[in-house]
Amino acid sequence: MQQSQTPESKNKTKAIDSAKSTKAKSNAESAESTNPKTRIKKVESTSRASQARAKSTTRAPKADSSAKEPKRITTSAKVFFGVAFAIALFLIIDLYYAFLNDMLIAALLCIATYWIKDALQKRTRSNLIASILSVIILLAIFIIPLYFVIHRGTLSLLSIDWKQAEAWFLQIKQLILGIASHVPFLQMEDIFQNISISSLATHATRISTNIGKGSVSFVIDICFIVLFLSVWFYYGGSWYAHIKSLLPARSEQVDLIALDVSGVLRIVFLSTILNVCLQGFAFGVAASFFGLDGVLLGVLYGLCSLIPIVGGALIWIPVGLLLYVQGDIFGAVFLVVYSVVFIGFVIDNVVKPFLIRIVNRKLLDKPLNINEFVIFFAIFAGLGAFGFWGIIIGPAITAFFIVMMRIYERDFAPLAQENDADINQAKANKAD
């Protein structure tokens, strides 16, 4: 009888059988790998598979690249387009040349006051309504004071006693001739010899006629400015985005230019209004103290302060003469000195830069890194170069120049320095 196998012997036999089978498989695989025929077949099959994959992957990109490949613009096409664009630009400027000044002023006013339109649009949620309300607000700022001056001034002229006015004129004439006698080179006697109240009335009629003709053209310009301002308010946002996409500059650079220029114009707009109100209030208080119509004279002085060069002198000179002929010599002298020193020098030249700083630091969402004295002198330079509208044109040009210098300093100067360093290093290497 055979003895029964134990569990341990069974496990040993299974392990021996598995080892034999794995050894046989490895021997068979090694035999196939050493066989040259089988090796060639494997290489051919793998090469065919790789070629099929390469064809499948290269066919689709060729079709895509041929479909997406942009057409190259030839040099002749570039020259033709450049000439055609220059001709079109010249013709469009010539066509709208008569309106360029009004369009520029409207654009600058829109940039300076676009924050009003943004605030109104957030509340009304309508671009059209916000644009209309913005134009109405700006018109009210300028038209209401003008209407008040015309209405109140007409009533004052109708209440003048012309006989008393003629007597005052003779006193003023004697005063001027007495002053001129101490300054012989002025020769005021020949000038005032034939001047009388009737001749002044005749000259005043001629002057008023010329002013009327000029005012007609001024009103026409104002109407066109209002029209263009409405268009800028309504389409300004979309036009800005479109122009920004066409410019060959980074978006952040264009935004930086727009932010600084609009911020400077906003500072000029608000500081000018504050300065006008402050000067008009100061003169109105002094005029009321001497028994004159302080409200009318204050509004007149504030409006005249916007006129270049002469400014408030158009008001304080006749008012001082009026106080003199009325016998109030102290009042006349005080009002003249007060207007020249306190209003003309202190408020207009000393206080105004601080008003610019207050507007920049307190009223702007993001204060600008521009010195207030630069803006102050830009206003004077603009007035000298462009007249009344130089108040906004001068600071706009100055702000544009400053922001372009900053962009160059930030983005282009480091690259230029790196290029110079590379050139110097290459020269040093060649020398070595």
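The values are calculated or read from the model by the stated rules, or taken from the named source; none is laboratory data. Source: prediction; values computed, not measured. Positions of Cβ are generated from backbone atoms using ideal geometry, with glycine treated the same way; all protein chains shown enter the neighbour counts. Keep in mind that these areas ignore ligands, DNA and RNA; they rest on the heavy atoms of the full protein, side chains included. Shrake-Rupley method; radii C 1.70, N 1.55, O 1.52, S 1.80 Å.
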Practice prompt. Return yes when Gly344 is within 25 Å of Cys110 (Cβ to Cβ), open to solvent by 10 Å² or more (accessible area, probe 1.4 Å), more than 17 Å from the chain's Cα centre (by Cα) and among the small types (Gly, Ala, Ser) and no when it is not.
Written response: no
Discussion item. Which count do you get for residues in segment 287-296 that are open to solvent by 10 Å² or more (accessible area, probe 1.4 Å) and closer than 15 Å to Val336 by Cα?
Written reply: 4
Fill in: Filter result (among the β-branched types (Val, Ile, Thr), in contact with a helix residue (DSSP H, G or I) (Cβ under 7 Å, 6 or more places away or on another chain) and part of a helix (DSSP H, G or I)) within segment 352-374
Ile356, Val359, Val374
Item to complete: Take the residues in segment 334-356 that are farther than 15 Å from Phe281 by Cα and aromatic (Phe, Trp, Tyr), then tell me which one is modelled with the highest pLDDT.
Response: Phe334
Discussion item. I'd like the residue in segment 347-362 that is free of Cβ contacts under 8 Å to residues at least 60 places away in the same chain and basic (Lys, Arg) and, out of all such residues, is surrounded by the fewest Cβ atoms within 10 Å (Cβ to Cβ).
Written reply: Lys362
Discussion item. So, in segment 386-403, how many residues would count as being in contact with a helix residue (DSSP H, G or I) (Cβ under 7 Å, 6 or more places away or on another chain), among the small types (Gly, Ala, Ser) and at pLDDT below 85?
Written reply: 1
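Residues are listed down the side, and each one gets a yes or a no for (1) open to solvent by less than 50 Å² (accessible area, probe 1.4 Å); (2) at pLDDT below 85:
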site: Ala332; (1), (2): yes, no
site: Leu364; (1), (2): yes, yes
site: Ile370; (1), (2): yes, yes
site: Met405; (1), (2): no, no
Worksheet item: Among the residues of segment 137-180 satisfying the criterion of being of a type outside the set (Val, Ile, Thr) and either at positive phi or not in a helix (DSSP H, G or I) (or both), which is modelled with the highest pLDDT?
Response: Ser159
Practice prompt. With the checklist (1) at pLDDT 90 or above; (2) open to solvent by less than 80 Å² (accessible area, probe 1.4 Å) in hand, flag the one item Leu108 doesn't pass.
Written response: (1)
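Of the residues Phe345, Phe330, Phe354, only one is under 18 Å from Phe289 (Cβ atoms) and among the hydrophobic types (A, V, I, L, M, F, W, C); which?
Details: Phe345 fails: under 18 Å from Phe289 (Cβ atoms); Phe354 fails: under 18 Å from Phe289 (Cβ atoms).
Result: Phe330 is the single residue among Phe345, Phe330, Phe354 that is under 18 Å from Phe289 (Cβ atoms) and among the hydrophobic types (A, V, I, L, M, F, W, C).
Check segment 307-317 and report whether any residue there is in a helix (DSSP H, G or I), in contact with a helix residue (DSSP H, G or I) (Cβ under 9 Å, 6 or more places away or on another chain), among the small types (Gly, Ala, Ser) and more than 30 Å from Ile392 (Cα to Cα).
Within segment 307-317, none of the residues are in a helix (DSSP H, G or I), in contact with a helix residue (DSSP H, G or I) (Cβ under 9 Å, 6 or more places away or on another chain), among the small types (Gly, Ala, Ser) and more than 30 Å from Ile392 (Cα to Cα).
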